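Notes follow once the structure below has been shown.
The values are calculated or read from the model by the stated rules, or taken from the named source; none is laboratory data. Fair warning: this is a prediction, and the values are worked out from it, not measured in the lab. Neighbour counts run over all protein chains shown; Cβ positions are idealised from the backbone, glycine included. The area values use the complete protein model at the heavy-atom level, side chains included, leaving out ligands, DNA and RNA. Shrake-Rupley method; radii C 1.70, N 1.55, O 1.52, S 1.80 Å.
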Amino acid sequence: MTVLALDNVSKSFGPIEVLHGVDLALEPGEVHALIGENGAGKSTIMKILGGFLDPTSGQILLDGEPVHFASGPEAEAQGIVVIHQEFNLASDLTVAANVFLGREIGGWRLDHAAMRDATAALLKRLDTRIDPDARIRDLSVPDRQMVEIAKALSRKARVLIMDEPSAVLTHREVGALYAQIDRLRAEGVAILYCSHRLDEVAYLADRITVLRDGRVVRQALRGELTEDGMATAMVGRELQDFYPPKGQPGDQPALEVRGLTVPSRVRDVSFTLRRGEVLGIAGLVGSGRTELAEGLVGLRPSTGNIRVEGREVAIRSLRDAFAAGLAYLTEDRKEAGLLLDKGLRENLTLATLERFGGWRLDTRAEDAALERATREFDIRAPRRDMPAGKLSGGNQQKLLLAKVMLPDPGIILIDEPTRGIDVGTKRQIYAFIRKLAAEGRSLIVISSEMTEVIGLADRVLVMREGRLAGELAGADMTEDSIVRLAMGVTGEAA
Amino acid sequence: MKIDLHTLGPLVALVALVILGAALNSAFLAPANITNVLARSAFIGLIAVGMTFVITAGGLDLSVGSMAAFLAGIAIIAMNAALPTTGLNWGTILIGMGVAILGGVLAGYLNGALVTKARIEPFIVTLGTMSIFRSLVTWLADGGTLSLDYGLRTLYRPVYYGGIGWITWPIITFAIVAILGEWTMRHSRFGRHVEAIGSNDRVARYSAIDVNRMRLLTYVLLGVLVGLAVVLYVPRLGSASGSTGVLWELEAIAAVIIGGTALKGGRGRVWGTVVGVLILSLIDNILNLADLVSPYLNGAIQGVIIVLAVVLQREKRTAEER
């Protein structure tokens, strides 16, 4: 009993066909994972299913009948709800007002009580403690996602299309999300789940469709495909080893941090980073990982003692950090990393403009730097003058890495190196990180993806509630031991 | 290099206006009229160049018209007060010029500091200072007019009316400032930083740019240019009152917008601003010369042009997205 299906669907943008005869069937009570590298056609499929795009050829079948959705709202009226990666919530309105946005109960006078009660009932069903009267801006990211799910349920969703829902969540929050998905599955909702995280696909999906270059290359049932098999199918070649081999860090300390404190965020953190080392920092979101890094490079006021190559340095601004040979790659690529409406050149040199001329900027030198960066970091852009926002996530990340590397720093702090980028680019970034370490640079990698920390780092620091909860190295770096430290588990449930 | 019709739009409109003006009245292209139009554009033009930087950095300044009146007022008072001791010479006038420019620096600094240090919305800050400057000059003039000493006025007059041939000093100053402004926006680190801040100030901060300092500098720059406009304006009438510079801020902002600078910041076009200023003053001039439409409808036509300019810019954006 297929609810929604694509039958031999193709889609072209202008002369370029991006989907080639895709068949996809969503069954009620089933989680169907859609995986593929960036540009494989996942989002095009989601948009076609959600009524935001029309197929160029082929059919959409709803309950076996061909349908045509003129718009997203029309698809929604048929019970097909898309939860986008960027939430679609009005941040100044209350939870209840958002859930009923556009379908308010009541005539001229809104029936606030009815909407509140209905919202409360939905939230209760989802087993969350969100107040229907809370404003969205006061909610945490996972709570906002719960509101999105509640909104979908209130529209009597039969098909739920989720675009990387776990990308914004921490380990614990992901657990809550999985519980909700199980609940929805049990209620007979058909779920299309797009994700870059192969471990969760293996865990969640009843059926997996692998997409490559706009074609379905593999369909499998639960258990038929290992994570390695998925990655191989997505990339189309054998993945020898997902993470590059680890190196041999030197013994000399590159960075010594003693008693670093960022008011109300990070308390008394001390550690040493050795030359040529990749040091991982793990912990839940909110444990102070990002704040530690930002405090270290002068983006947040901090106190403590910092030594670079044995020399004590005072870092009060990012400028000071650059001068001391430190660089920081932000986790928030779109809002703090790149100017999305500016070209590649402007983005690459923004933090180091003083290297490109005094009063007059030497655009030729900038172009040469861009030329080098695109080669060195394999940035693939159709045009040089295109806005950075039009690049794929992976190429944006490579551009950002190139920008951060431009001052030639010896110590690099990378916050979420591969958030929201495809498997192929992930591997490239891992290789870059290892290469930088092999060159004798020292790196700190902050990540929410535990496999990434374990696969990449020589040593891991785990943070909890603004403090260092522990340090793991070698064979002790396991997901289990990291989670225990991150959550402070010593027997009792966290 | 492809030709971008939308960027050229304002220029095309300007050329069309010149042709229209010439067709309607033969006096339009007379040197005297051209000098008149350009010289009168210079005040708004100087301010609008500064405004381009403020808006590009994501700010706004509503106080410039009042600031101009206030600076003109204190410059006149300073010159009149200095006259008995310094005598009737250029030294006295230089004092007045210095007061206007220095006053511009301080007034711009005040706006900028309130925006960046006290973290108040630029709209609110400059709405406040607009009211303050306007009230101060009215109070200084005691509700009437502050007049420059007759002798000084005669001496100072050539700064507005004189020049090289028919190209008067205001036109020369405006041209130099416009070229420097365009160059600074396009080719200097300051211009790049200003655009980056307006585009996304968080990205700018994470790129080690001193966002507050740059923003403050744009307001100071605008203050200096307002002071410079006042230096050229005072010799024209030799007086200042509570009604000097009324609505200059809106004309300057309108010129910036017509020129293609985004009001939300991030993209600044100084040459566009210059074209915008010229479009606005040409409309005024043509309506005065031709009796086709009543000059009283000047504001309405300018309003239509402003809205049209923004609509055209928006179409450009959606075209890019396809």
Helices (runs of 4 or more DSSP H) contained entirely in the range B:1-118, each with at least 1 residues that are under 30 Å from B:Ala290 (Cβ atoms) and touching a residue at least 40 places away in the same chain (Cβ under 8 Å): B:5-24, B:31-56, B:64-86
Mind listing whichever residues of the range A:379-406 are buried (at least 20 other Cβ atoms within 10 Å of the Cβ), of a type in the set (Lys, Arg) and more than 13 Å from every other protein chain (Cβ to nearest Cβ)? A:Lys398
The correct count of residues that are surrounded by 17 or more Cβ atoms within 10 Å (Cβ to Cβ) and at pLDDT below 90 in the range B:22-38 is 2
Please identify the pairs in which a residue from the range B:263-279 that is within 14 Å of another protein chain (Cβ to nearest Cβ) has its Cβ atom under 9 Å from the Cβ atom of a residue that is aromatic (Phe, Trp, Tyr), counting only partners at least 6 apart or on another chain. B:Gly268/B:Phe53
In the range B:174-219, residue nearest to the other protein chains (Cβ to nearest Cβ) [restricted to those that are under 22 Å from the mean Cα position of the chain (by Cα), open to solvent by 30 Å² or more (accessible area, probe 1.4 Å) and over 20 Å from A:Arg355 (Cβ atoms)]: B:Trp183
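Among strands (runs of 3 or more DSSP E) lying entirely in the range A:130-230, which contain 2 or more residues that are in contact with a strand residue (DSSP E or B) (Cβ under 7 Å, 6 or more places away or on another chain), open to solvent by 10 Å² or more (accessible area, probe 1.4 Å) and assigned by TED's automatic domain parsing to the domain that holds A:Gln78?
Details: elements: A:159-163, A:190-194, A:207-212, A:215-221.
Here the list reads A:207-212, A:215-221.
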Here the qualifying pairs (Cβ atoms under 6 Å; residues six or more apart or on different chains; first in the range A:108-128 and assigned by TED's automatic domain parsing to the domain that holds A:Leu184 and modelled with pLDDT of 90 or more; second of a type in the set (Gly, Ala, Ser) and surrounded by fewer than 18 Cβ atoms within 10 Å (Cβ to Cβ)) come out as none
In the range B:5-15, which residue that is surrounded by 12 or more Cβ atoms within 10 Å (Cβ to Cβ) and farther than 23 Å from B:Thr168 by Cα is modelled with the lowest pLDDT? B:His6
Which one of these does A:Leu292 not meet: (1) open to solvent by less than 30 Å² (accessible area, probe 1.4 Å); (2) outside any helix (DSSP H, G or I)? (2)
Please indicate, with yes or no, whether at least one residue in the range A:45-56 is among the polar types (S, T, N, Q), in contact (Cβ under 8 Å) with a residue 12 or more places away in the chain, in the same structural domain as A:Lys156 (by TED's automatic domain parsing) and exposed (fewer than 15 other Cβ atoms within 10 Å of the Cβ). yes
Lone qualifier among A:Glu376, A:Glu366, A:Glu346 - being under 25 Å from the mean Cα position of the chain (by Cα), more than 9 Å from chain B (Cβ to nearest Cβ), over 23 Å from A:Glu294 (Cα atoms) and of a type in the set (Asp, Glu): A:Glu376
Tell me which residues, restricted to the range B:130-146, are in a helix (DSSP H, G or I) and either buried (at least 21 other Cβ atoms within 10 Å of the Cβ) or over 18 Å from the mean Cα position of the chain (by Cα) (or both). B:Ser131, B:Ile132, B:Phe133, B:Arg134, B:Ser135, B:Leu136, B:Val137, B:Thr138, B:Trp139, B:Leu140
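Condition first: of a type in the set (Phe, Trp, Tyr) and at the interface with chain B (Cβ under 7 Å from one of its Cβ atoms). Now tell me which residues in the range A:349-361 satisfy that. Break it down stepwise before answering.
Pass one, the range A:349-361, residues of a type in the set (Phe, Trp, Tyr): A:356, A:359.
Across the range A:349-361, the qualifying residue is only A:Trp359.
Mind checking whether some residue in the range A:70-79 is in contact with an Asp or Glu (Cβ under 6 Å, 6 or more places away or on another chain) and not aliphatic (A, V, I, L, M)?
So the first thing to find is which residues in the range A:70-79 are in contact with an Asp or Glu (Cβ under 6 Å, 6 or more places away or on another chain), and the list is none.
No: zero hits.
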Take the residues in the range A:313-343 that are in a helix (DSSP H, G or I) and within 7 Å of another protein chain (Cβ to nearest Cβ), then tell me which one is surrounded by the fewest Cβ atoms within 10 Å (Cβ to Cβ). A:Glu335
Test: A:Leu61 is part of a loop (DSSP other than H, G, I, E, B) and open to solvent by 30 Å² or more (accessible area, probe 1.4 Å): no
